[in-house]
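Here is the structure we will look at.
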Amino acid sequence: MMAGRFAVGLLLSLAIAGAGFLKGALTREGMLAAVVEGTVIFGGGGWAWGAVLIAFFVLSSALSFYRRREKRSLAEKFAKGSRRDVGQVLANGGLGLLLALAFLLSGEAQVRRLLFAAYVGAMATVNADTWATEIGVLGRGEPRLITTGQVVERGTSGGVTLVGTASALLGGAAMGLVAALFEGAFRRWLLIGAVGGLAGALFDSLLGATVQAIYYSERRRKETERSHEADGTPNRLLRGWVWMDNDKVNFISSMVGALVAALLQALLT
């Protein structure tokens, strides 16, 4: 039965990641990483785990292409484009892979419930962050730095808006809804997804405003998450820790969302 789950996970991952590659949502290396990630998560966790991962990939990829032309002017601020590479794939789903392996190796029912809640929280975080970014940058409100309230340019790391925050809440709730389709207890899972996702997304913004590496492009006279220009010209470190790139921020934030979700699961059952 377990071998069958892994086989199904492999086939589904190949189909979905392959479609993502053909649509330009994944690089070749990102596609391979997504296949490994999807196979392990589905094989280790089962249908509920796989459905949450699929929902995240489909929804986040669709939003990346939503009103894409309007977002092009902001793309130079971000470290990477809408095509997810291996680093982004692992940053978004790497914790889920580890939790699925722990779930597979655990025989304790209560531990398994906590691990699944943590997984939902982790995926709710990365989905919430994606929704906040992809929808928030299109809102009319002025972004403000989460630490000081200072008005900043759209796309600035650590900048938040009302629309972006509401989108993060809905993005997290969406993952909770998918989990509820398999687990029941709709209110509980919606709460776990919404609160866990929002907490992780806000922590992502906090890291972005404080310790994430932000550079200044002398050529374009703009802040950017990119350490180098397309031609290899290095940008000047403006603030943050040089090793704290966007992928690490996403992974750490997913850990926060996972912890919040697991805590809610423990308190609500």
Counting only strands (runs of 3 or more DSSP E) entirely within segment 175-269, those with at least 1 residues that are buried (at least 18 other Cβ atoms within 10 Å of the Cβ) are 214-217, 222-224
Out of curiosity, is Val178 within 26 Å of Ala25 (Cβ to Cβ) and not polar (S, T, N, Q)?
yes
Log entry, pairs with first residue in segment 153-167 being at positive phi and at pLDDT below 90, second being assigned to a helix (DSSP H, G or I) and hydrophobic (A, V, I, L, M, F, W, C), beta carbons closer than 6 Å, six or more apart or on different chains, reads Gly155/Leu74; Gly158/Ala209
Residues in segment 86-123 that are buried (at least 18 other Cβ atoms within 10 Å of the Cβ), at pLDDT below 95 and of a type in the set (Val, Ile, Thr): how many?
2
Those residues of segment 3-48 which are surrounded by fewer than 19 Cβ atoms within 10 Å (Cβ to Cβ) and assigned to a loop (DSSP other than H, G, I, E, B) amount to Lys23, Gly24
Quick check on segment 237-244. Is at least one of its residues of a type outside the set (A, V, I, L, M, F, W, C), over 19 Å from the mean Cα position of the chain (by Cα) and modelled with pLDDT under 95?
yes
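The values are calculated or read from the model by the stated rules, or taken from the named source; none is laboratory data. Computed from a prediction, not measured in an experiment: that's the story for all the values here. Methodologically, a virtual Cβ is constructed for each residue, glycine included, from the backbone with ideal geometry; neighbour enumeration extends over all protein chains shown.
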